[in-house]
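**Student:** I'd like to ask you about the structure that follows.
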Amino acid sequence: MSAANRGVPLTTGREFFGRHQSLSIVVAAAVVTTILPLVALVPPFSGFGNLDVWVGTFANAGVFVLLALGLNVVVGLAGLLDLGYAAFFAIGAYTMAYGNSAFTGLDVPFWVMLVVGALVAAIFGIFLGAPTLRLRGDYLAIVTLGFGEIVPVVFRNADTYTRGTNGITGIGQPSFYGLFGINGFGFTNQWPYYITIVVIIAIAMIFLYRLQDSRLGRAWVAIREDELAAASMGINTVTTKLLAFAIGASTSGFAGVFYAAKLSTIAPDSFGFTVSFTALAMVVLGGMGNIWGVSAGAFIIYELQTQGLKQLDSFVKSLHLAPIGPVDLNAINFINYQYLLYGLALVLMMLFRPEGLFPSRRRRQELREAEPLAGEDELVSGDPTGVA
Amino acid sequence: MTTATATGPGRVATRLDLGRWTVPVAVAVALVAVYVLLIIGAGPQAQEQFINALTIGGVYALIALGYTMVYGIIELINFAHGDVFMVGSFVSWWLLTTLGFNGSIGDPVVLAAVLALAFLVAMVVMGIVGVVIERLAYRPLRNAPRLAPLITAIGVSFILQNIVFVTISNSIVTSPQVIPNPVLTLGPIQIRAINLFVIVLTVVLMAALHLFINRTRLGRAMRSTAIDREAAQIMGVDINQTIALTFFIGSALAGAAGVVQGLYFGVTKFDIGFQAGLKAFTAAVLGGIGNTTGAAIGGFIIGFIEVLSSVFGYGRWSEAAVFGALVLVLVFRPTGILGQQLGDRA
């Protein structure tokens, strides 16, 4: 790297993409979109399901990537521990259900609802964030956890407006209006959903990258590091925190709208603490504050949970292993063990990588303060300011 | 609860200067208010409902004590704690059914012996489980980023739930209610034996814990570790041992609550730990996290909120009411009812 700098002003790929983040996100999104289905065809993975199943889970994983990206703003950047993040996911999904389903009789297009859902979620983000502004640390965590529990309870019990536990069915699907020969997305073909969510993620990532390096992004980090010092430097902590909640919530709202449209049916039980927690685990395991890290973390955890562990049983059975001594793997019903293994995986991953799989540069520095950083490359993580 | 005195110059910045009588008076006023509400809502059943609330609240308080002790000493929201309570209820279920009991025991001597055994076994087993969890999942992460142990805590919660799910049962399990069910009359109060037992037990355990923390050497070690770990270490406190002890006591109390769950409700299930843990944690925060008296008060408050909401016909909303109360309290007192002003730690 440094050798290239010394001579002619050659730009390496790394430097180029470090300088052109938006372009690199588009390129990366395209590359990842192409590679993932190919990987799914390779033997160990192909044993877990056919290509269509995999593409379907990629689209679902995309929902969680969006959730993790949004939560990363709140937890990773602004340092506000939010344990009730699923509330905004639920609000986005129900907004979609109200805007486009037989229940209300409205038929607003999915693409419009994406924006509406994000806006509604953002408003609720401010609304639910406001009472928490005075709270610090774990008191904030428990209040957000409380909101995260209250929102599904409201959706479950306000039957007249939400159809209670049955949830809302017949939610309209996205449509390309004949573009690429696709009208309604339907249920069988997963590819349009996959492509759509990748595009949404790419837009969200570009937006979040620009935001992270902006004045607001720096204010978030300042608040995370020391709220009092940030306030005395003239940062308006009230608006800054509320904006973190609003932007985090709106990303979650996007995810909710897409999720409702893809499933075409939603019920309050899909938005419990498990979702909030899963999103948090994705952020922490991916590497808090690192946009690429949390995306990868979200993808890995989602696929591990839904494809890896749920299909582990059929995968093991398909291997036709001979019994090893007294242990006959074929006799074990792995479906029963999926959450046990999931818990185990979470604990082990955390024990081995407490800073996450892909820690942000700044966090790495904090964790290894003693070690000299001379050898570090300025542009390694595509994060030239060192913020995050 | 009123803000008694303003923070004067030179004073330590605790929001509420708890005078000697503030807490008892406030508790008495709150209890009378609740009782009036219960009379409005439940009429003749007011007394019974009041006792129910005390019983449920006692269970929450027992679980909340473990949460608050662990938080006080290592600042970790131990999400696995609710599941320790759940496993405790299964230990008691296992013991009682293995011994061949499936209904109430008439002979008072046998009953006392069985109860003592059940509580002893459940508390010791869960205490050990708690220590093992701390050793394996939390201690290696003591100097890791703050959220890392939170994730392992939830991972451990998944593990405990699913060990029970896989090895015992995936649905509701009936636990023997060994305490017979006569209604005792104590002066003007009519109370079922089981309620009396649970309330007395909670009070005894809380008093014992209070004495232990405030009057013994080990309790002093726990308090000093909670205040400043490094300073305590310099003064000769064995930090690892003290933290392990905290986990042992907290988990043992959750184990006791688990036995009560079986005795009082007669049922248990692999997933009851999550909701119970959540409410108990809410109780701990409501009272001021890190403060054992606060956790007890918080537990009873939640018991009353639950009973009140079902008395007025909004049982389905009790969860929302509990968390609503939490938000309200924290908006006005950001560190809970008895909480101290915390420093800036996020």
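Read-outs throughout are calculated quantities, based only on the coordinates presented, and are distinct from any laboratory measurement. All figures in this text were calculated on a predicted structure; none of them were measured in a lab. Positions of Cβ are backbone-derived with ideal geometry, glycine not excepted, and every protein chain shown enters the neighbour counts.
**Student:** Treat every Asp and Glu Cβ in the protein assembly as shown as -1 and every Lys and Arg Cβ as +1, leave all other atoms uncharged, and give the resulting dipole magnitude about the Cα centre to the nearest 20 debye.
**Tutor:** 860
**Student:** To continue, here is another question. Using the Cα atoms as the points, what is the convex hull volume per residue of the protein assembly as shown in Å³?
**Tutor:** With only Cα atoms used, the protein assembly as shown gives 201 Å³ per residue.
**Student:** Rank by packing, highest mean first: peptides A:136-149, B:178-191, B:273-286, A:185-198, with packing defined as the count of other Cβ atoms within 10 Å averaged across residues.
**Tutor:** Those peptides, ordered most packed to least, come out B:273-286, A:136-149, A:185-198, B:178-191.
**Student:** So for the pair A:VAL26, A:ASN330, with labels modelled 7 Å out along Cα→Cβ, what separation do we get in nm?
**Tutor:** 5.4
**Student:** So, with +1 on the Cβ of K and R and -1 on the Cβ of D and E, and no other charges, what is the size of the charge dipole of chain A about its Cα centre, to the nearest 20 debye?
**Tutor:** 380
**Student:** While we're on this one: Per residue of B:137-149, count partner chain C-beta atoms within 10 Å of its C-beta, then hand back the mean as an integer.
**Tutor:** The per-residue average across the peptide is 5.
**Student:** Are there DSSP H segments in chain A that both extend 24 Å or more along their axis (alpha-carbon positions) and score a mean Kyte-Doolittle hydropathy of at least 1.6? List them, or say none.
**Tutor:** A:21-40, A:51-71, A:110-129, A:191-212, A:334-352
**Student:** Can I ask one more? In whole angstrom, note down how far apart the Cα centers of segment A:158-222 and segment B:119-161 are.
**Tutor:** So the separation of the two Cα centres works out to 37 Å.
**Student:** Then there is this: Averaged across the residues of A:271-280, what count of C-beta atoms belonging to other chains lies within 10 Å of each residue's C-beta?
**Tutor:** Going residue by residue through A:271-280 and averaging, the value is 2.
**Student:** If you don't mind, there's one more thing I want to ask. Rounded to the nearest 500, what is the protein assembly as shown's calculated 222 nm mean residue ellipticity when only DSSP H runs of at least 4 contribute -39500 (n - 2.57) each, over all residues?
**Tutor:** -21500 deg cm²/dmol
**Student:** Under 10 Å, Cα contacts only: if you run a Gaussian network model on chain B, which one of B:LEU328, B:LEU96, B:LEU62 comes out with the highest mean-square fluctuation?
**Tutor:** Among B:LEU328, B:LEU96, B:LEU62, the largest mean-square fluctuation in the Gaussian network model of chain B belongs to B:LEU328.
**Student:** Treating only the Cβ of Lys, Arg, Asp and Glu as charged (+1, +1, -1, -1), what charge dipole size does segment A:274-369 show about its Cα centre? Round to the nearest 20 debye.
**Tutor:** 320
**Student:** While we're here: When Rg is the radius of gyration of the Cα atoms in chain A and Rh is its Kirkwood radius, what does Rg/Rh come to?
**Tutor:** Expressed as Rg/Rh, it is 0.99.
**Student:** Relative contact order for chain A using alpha-carbon pairs under 8 Å, separation at least 6, rounded to a whole percent?
**Tutor:** 28
**Student:** Output the DSSP H helices from chain B with an along-axis C-alpha extent of no less than 27 Å and a mean Kyte-Doolittle hydropathy no less than 1.0.
**Tutor:** What comes out of the filter, once short or polar helices are dropped, is B:22-42, B:46-74, B:108-133, B:147-167, B:193-215, B:239-265, B:292-311.
**Student:** If I build a Gaussian network model for chain A, linking alpha-carbon pairs within less than 10 angstrom, which residue out of A:TYR161, A:TYR177, A:TYR85 has the largest mean-square fluctuation?
**Tutor:** Judging by the Gaussian network model, the answer is A:TYR177.
**Student:** Peptides B:240-251, B:79-90, A:326-337, A:342-353: what's the order by average Cβ count within 10 Å, highest mean first?
**Tutor:** Those peptides, ordered most packed to least, come out B:79-90, B:240-251, A:342-353, A:326-337.
**Student:** For A:ASP82, B:ASP107, B:ASP238, what ranking results if the residue with the fewest other Cβ atoms within 10 Å of its Cβ goes first?
**Tutor:** Ascending number of Cβ neighbours within 10 Å: B:ASP107, B:ASP238, A:ASP82.
**Student:** Moving on to the next point. Counting other beta carbons within 10 Å of each Cβ, put A:ASP159, A:ASP213 in order, fewest first.
**Tutor:** By the 10 Å Cβ count, ascending: A:ASP159, A:ASP213.
**Student:** Provide a whole-number value for the mean count of partner chain Cβ atoms within 10 Å of the Cβ atoms in peptide B:316-322.
**Tutor:** Average per residue, whole number: 5.
**Student:** What is the gain in length, in nm to one decimal, between B:ILE128 and B:ASN240 on full extension, counting 0.36 nm per residue of separation less the C-alpha to C-alpha distance?
**Tutor:** 38.8 nm
**Student:** Efficiency by 1/(1 + (r/R0)^6): what FRET value for A:ILE123 and B:ALA28, r their Cβ-Cβ distance, R0 = 56 Å, to the nearest 0.05?
**Tutor:** 0.85
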